[in-house]
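Take a look at the structure below.
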């Protein structure tokens, strides 16, 4: 079976946001790229189960999310430290983590439960609708909504605690905030 | 100044501007990675897979 060029192009087109999703989930570029590679291989192997005309990107996000989930569960069985391990890996290997300017935000994101983290990213950054996110995460739309809300509340708390005065490391964000505060 | 006060007041209930700031940061972080585009590693991988399949098919059709 040779991969249809238009399907291959659609797969490649999904790669940039798959990587962004994977890095947000795993907190590590190398692991993220391995996840994306595995996702591509699975997608190619299972291309017959892709329904033409449906959203290729959402289909691949589902594959990646499931891969990450099963890997996470495996590691959770191996490593006792469930909440701390991910946050620790961020601290101990800063050079493996992506862009330094988002480190504070990523560190806060890392403290969210995985359910909430993925829901927030899918809806708040990847641009999926609540319905699409619910499909990707295999849960009810209401569940996604409440996860996103809890994630936002927790992030606001974490970021307010970690930097009491300013929010986020970069100047332009602060400028936008200041402008917003006046309005 | 007003923003600081708002942030403290809304620790329990999420203020609109806090929420939009979280959204901005989240998207900035995400888009930063998206802007890398497709690393060569992946285009190469798909190319090799395609080539591999073609040679396998060639071998098969010769037999």
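A compact table of results
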{"read-out": "Odd one out for residue A:121 among (1) under 21 Å from residue A:29 (Cα atoms); (2) at pLDDT below 55; (3) at the interface with chain B (Cβ under 10 Å from one of its Cβ atoms)", "value": "(2)"}
{"read-out": "Residue A:54 being surrounded by fewer than 16 Cβ atoms within 10 Å (Cβ to Cβ) and under 22 Å from residue A:123 (Cβ atoms)", "value": "yes"}
{"read-out": "Count of residues meeting criterion [at pLDDT 90 or above and outside any helix (DSSP H, G or I)] in segment A:82-118", "value": "3"}
{"read-out": "Test: residue in segment B:13-32 that is modelled with pLDDT under 60, out of contact with any helix residue (DSSP H, G or I) (no Cβ under 6 Å at 6 or more places or on another chain) and more than 7 Å from chain A (Cβ to nearest Cβ)", "value": "yes"}
{"read-out": "Odd one out for residue A:134, checked against (1) out of contact with any helix residue (DSSP H, G or I) (no Cβ under 9 Å at 6 or more places or on another chain); (2) at pLDDT 75 or above", "value": "(1)"}
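The values are calculated or read from the model by the stated rules, or taken from the named source; none is laboratory data. This structure is a prediction, so every number in the text was calculated from the model and none was measured. Methodologically, a virtual Cβ is constructed for each residue, glycine included, from the backbone with ideal geometry; neighbour enumeration extends over all protein chains shown.
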